[in-house]
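The values are calculated or read from the model by the stated rules, or taken from the named source; none is laboratory data. Keep in mind that this is a model prediction, so the values were computed, not measured. Neighbour counts are summed over all protein chains in view; Cβ atoms, including those assigned to glycine, are modelled from backbone coordinates with ideal geometry. Protein only, heavy atoms only, side chains kept; ligands, DNA and RNA dropped before computing areas. Shrake-Rupley method; radii C 1.70, N 1.55, O 1.52, S 1.80 Å.
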Amino acid sequence: MAALIPRMHLFEFEDQAWFPSSIRNYMTDFLRYSTVRMQLHRPMVQILTSMINRTGTPKIVDLCSGGGGLLAAIQRDIRKAGRPGTSITFTDKYPNAEALSAICREQPSALQFEVASVDATAVPARLRGIRTMFSAFHHFRPEIAQQILGDSAASGQGIAVFEISRRSILGLVPMLLSPLGTWLMTPFIRPLTPGRLFFTYVVPLVPFFVMWDGIVSAFRTYTVDEMKAMVAGLGGNTLEWEAGIADAPFGYKVTYLVGVPR
Ligand SMILES: C[S@@+](CC[C@H](N)C(=O)[O-])C[C@H]1O[C@@H](n2cnc3c(N)ncnc32)[C@H](O)[C@@H]1O
C-alpha cells in the first residue's frame with residue numbers, strides 16, 4: 001500500500017551512541033508499557049505462532065529489544081495457544097539491562113538476554129532462532145534493512161519484522177499525543193525511580209524525546225510495497241516472504257514482513 005508521505009530518514013535521538021542510556025531506557029520502558037497495555041501484540045501472536053509451527057523452531061532471537069517490548073506478552077499468549085517450549089533471547093545495541101533482567105527473572109528457563117551489545121546488522125552466528133524486530137526496522141536505511149533481511153536468509157534463520165508506526169497523516173496522531181501518554185502512564189511503570197519522575201514531569205525530556213522519535217519513526221516507516229520490493233529475489237529459495245497489514249486494538253495497524261524458511 002502506498003503512503004501519502006515520502007520516506008524521510010531524519011534524526012532519532014535513540015539511535016545516537018552519545019544519548020544518555022537512562023533517558024533511552026525510560027523511553028523504551030514507556031514503549032513496552034504502553035504497547036502491552038494497549039494489547040497491540042494481539043495480531044502478532046497468530047503470525048509468530050504460525051511461523052513457529054511451520055519451522056518447528058521454538059527459539060526466538062529478538063533484535064533491537066529495548067525494554068523488552070511486546071515479546072514477553074506474545075510469548076505468554078503463544079504458550080497459552082499450546083506451544084509451551086518457546087524461548088527468547090533479547091538483544092540490543094544499547095541493552096536496557098535493568099528492564100530485560102526484570103523480564104527474564106520471571107521465566108529464567110525460557111527468557112534470557114545478551115548483556116553485551118548486539119548490533120542487528122551483525123548478528124553473531126551463535127544466536128540461532130527466528131529473528132524478530134518490533135518497532136525498530138525503520139531505524140535502518142533501505143540498503144542496511146535489506147542486508148539485515150539478506151543475512152537472515154543467508155544464515156537460514158526466519159525473520160519477522162513488525163511496525164506499529166505508519167507513514168501517513170493518521171500515523172502522526174498517536175505520536176503527537178504521546179506526551180499525554182507518557183504523563184498518564186508513567187506512574188504505572190516500574191521501577192518508579194526519582195529520575196523517571198524528574199525527567200517526565202519536572203524537566204520533561206522523556207515526553208519530548210518520545211514524541212520526536214515517534215514522529216521521525218513515522219516518517220521512516222516502510223510501507224508493505226517497499227518491504228516487498230526489498231525482498232524481491234532476496235535469499236533465493238531459502239526464505240518464503242510475506243508482508244501485510246494487520247488490525248490491532250485502538251485502531252492501530254501493524255505492518256509486518258515475515259521470511260519463513262522453506
Ligand atoms: C523504538 S525502540 C524499540 C524497542 C522494542 N523492540 C519495543 O518494541 O519496545 C528501538 C530499539 O532499537 C535499538 N537499536 C537501534 N539501532 C540498533 C542496532 N543497529 N542494532 C540493535 N539495536 C538497535 C535501540 O537501542 C532501541 O532499543
| field | Backbone HN-Hα couplings from phi across segment 117-123 [Karplus 6.51/-1.76/1.60, Hz, Gly and Pro as x] | value | 4, 10, 7, 5, 8, 8, 6
| request: Express the carbon and sulfur contribution to the solvent-accessible surface of segment 196-248 as a percent, rounded to the nearest whole number, probe 1.4 angstrom. | output: 66 percent
| query | Mean 1/r over all different Cα pairs, inverted: what Kirkwood radius does segment 191-244 give, in Å? | reply | 14.5 Å
| request: Please report the Cα spread of the chain along all three principal axes, rounded to whole Å, starting with the longest. | output: 54, 45, 34
| Carbon and sulfur together cover what percent of the accessible area of segment 49-92 at a 1.4 Å probe radius? | 47 percent
| remark: Summing +1 per Lys or Arg and -1 per Asp or Glu among the other residues with Cβ less than 11 Å from ILE130's Cβ gives +3
| said: For the chain, what does the accessible surface come to per residue with a 1.4 Å probe? Please give it in Å². | reply: 45 Å²
| task | Could you pull out every residue, at least 5 positions away or on a different chain, whose amide H is within less than 5 Å of the one on LYS59? Hs are placed 1.01 Å off N in the peptide plane, and Pro or chain starts have none. | result | SER87, ILE130
| query | Percent relative contact order of the chain, based on C-alpha pairs within less than 8 angstrom and at least six residues apart? | reply | 25 percent
| note | Among beta bridges assigned by DSSP with both residues in the chain, the antiparallel ones amount in percent, to the nearest 5, to 50 percent
| remark: The answer for the net charge of residues other than LYS59 whose Cβ lies under 11 angstrom from its Cβ, with Lys and Arg +1 and Asp and Glu -1, is +1
